[in-house]
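The values are calculated or read from the model by the stated rules, or taken from the named source; none is laboratory data. Given the structure is predicted, the values throughout are model-derived calculations rather than measurements. Methodologically, a virtual Cβ is constructed for each residue, glycine included, from the backbone with ideal geometry; neighbour enumeration extends over all protein chains shown.
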């Protein structure tokens, strides 16, 4: 075998090894991004589940309150409208995570619903008979538990997004992330409605 052929084969061997190393690096990076992305999607599903649980409790809650405080029409209608806004299809579409504007709309709608519920609970303080109603107490406890789960799942979602975003923005992963369409995700933030909402202890016992 001639010297030129040996050099050629040596260069080819180096290129093959280099190509293999690059391939393993790219596939490893891609698979890691997929894993992190799926974690974000799973966290988002959990957030949606607890928000839906809250929405499912509201009709019964409103009907129970109506039986004791029917004239509190404005407050009840505000809750009903806020629930409708928070559950409309265009907000809950699968594109929410990929669209920062839709994500903010979703977050704002859920914050407004939380504020409306807080105002309703303040109104209820004026009705001791309602607070002693067994069905209302049960709904109140379920709602309190759901609000706690919302806080937990939002925090977990933010932690998952933080890990994902940190990876997507790190070098050299950011190069491959851009090539494969992995984009930065949005965090849940405290909305203005949540910051100014009345403080209500949902778990307080009936008087």
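Regarding region 180-193, can at least one residue be identified that is modelled with pLDDT under 90, surrounded by 13 or more Cβ atoms within 10 Å (Cβ to Cβ), part of a helix (DSSP H, G or I) and under 23 Å from the mean Cα position of the chain (by Cα)? Yes, region 180-193 contains at least one residue that is modelled with pLDDT under 90, surrounded by 13 or more Cβ atoms within 10 Å (Cβ to Cβ), part of a helix (DSSP H, G or I) and under 23 Å from the mean Cα position of the chain (by Cα). No other residue among 62, 21 is modelled with pLDDT under 85 and farther than 26 Å from residue 184 by Cα apart from 21. Let me confirm something: among 87, 35, 27, 75, which residue is in contact (Cβ under 8 Å) with a residue 24 or more places away in the chain and farther than 20 Å from residue 140 by Cα? Just one listed residue meets the conditions, 87.
As for region 86-93, it holds no residue that is surrounded by fewer than 18 Cβ atoms within 10 Å (Cβ to Cβ) and modelled with pLDDT of 90 or more.
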